[in-house]
Amino acid sequence: MRAALYLRVSTEDQAREGFSLDAQRKRLSAYCKARGWDVAAVYADEGHSGRDIKRPAYNRMMGERDSWDLILVLKMDRIHRNSVNFTLMMDTLRGWGKEFNSMQESFDTTTAMGRFVMDIMQRIAQLESEQIGERVRVGMEHKARSGNGILGFGHPYGYDLTDEGLVVNEEEARTVRRIYRLRAEGSSLQSIADHLNSLSIRSKKGLDWSKQSVSRILRNPLYCGYVRWADVLRQGEHQAIISREEFRGLHEAAASMPPTA
């Protein structure tokens, strides 16, 4: 039996004991040796979520299916955290005449019971993942309702992020006000971006401006003193750069803007 060893760590897993790529590789190799299987290849995805199927090593492994007979993982959630994706993979493997084994759960897809229990365990893994996502959303919505936090997981242009929260960066704030003024005067998004680039003004990441980055500035209520998460909009604790009237007036006038803007 030729085994393809599949290893994966996502960013939140990398610090967990026993889930490092090297630890997974050692345990799976020892398991193959005990079973008398040959290790056909090792495929490792680092920093990729189990909910995403667009992983380079995973896709390479599936493309090289002629070189192995079986996929071996340490745990089922190493290969998929979504029951739909897992079921599609299993259907594909069966069509190819390939097998799947999870070392830690001791599941063997060559038996009906193994296939049944594996499906149940995969659904439990998906439930846990979705529950984590729900807890994150509830926490962020609570912050939005209380007006606490920046709710963007980023470092917004126009502000510096300190231990006390967002503090206005006066140099960048002048650019934000310029963007709003130019838009109010009827300038298109692209012309505003071109204007900023001609003045060698760079974005927060030191990049050129685009109409998309200009649009994000114009659509973000953060600049008039609000925080938003999903459909929740509340007064924030940070200092506004533009007035609520400027923000509201601009968006009321947006319908009359030329469609190519």
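Summing +1 for each Lys or Arg and -1 for each Asp or Glu, what net charge is found among the other residues whose Cβ lies under 15 Å from the Cβ of Asp208?
+4
Can you bin segment 2-131 into rounded, prolate or oblate? Criterion: square roots of the alpha carbon gyration tensor eigenvalues sorted a ≥ b ≥ c, rounded for a/c under 1.5, prolate for a/b above b/c, oblate for the rest.
Because its axes are fairly even, with a/c under 1.5, segment 2-131 counts as rounded.
In nm, to one decimal, how far is the Arg248 label point from the Phe116 one, both placed 7 Å along Cα→Cβ?
That separation, rounded to one decimal, is 6.3 nm.
Quick one: length gained pulling Ala23 to Gln235 fully straight, 0.36 nm per residue minus the C-alpha distance?
71.6 nm
Add +1 for every Lys or Arg and -1 for every Asp or Glu among the other residues with Cβ under 9 Å from the Cβ of Leu189, and state the total.
+2
Can you list residues from other chains, or at least 5 along the same chain, whose modelled amide H is less than 5 Å from the amide H of Val39?
Close amide H contacts, sequence-distant or interchain: Ala3.
Treat each spin label as a single point 7 Å out from the Cα along the C-beta direction, and report the Lys33 to Ile53 distance in nm.
Calculated label separation equals 3.6 nm.
Which distance in nm do the two modelled labels at Arg216 and Arg94 give, with both placed 7 Å along the Cα-to-Cβ direction?
Calculated label separation equals 4.4 nm.
If you add up the charges near Glu172, with Lys and Arg at +1 and Asp and Glu at -1, over every other residue whose beta carbon is less than 13 angstrom from its beta carbon, what do you get?
Around Glu172, the charge tally is +3.
Every number in this text was worked out from the coordinates using simple rules, so none of it is lab data. All figures in this text were calculated on a predicted structure; none of them were measured in a lab. Here Cβ is always computed from backbone atoms with ideal geometry, including for glycine, and neighbour counts include all displayed protein chains.
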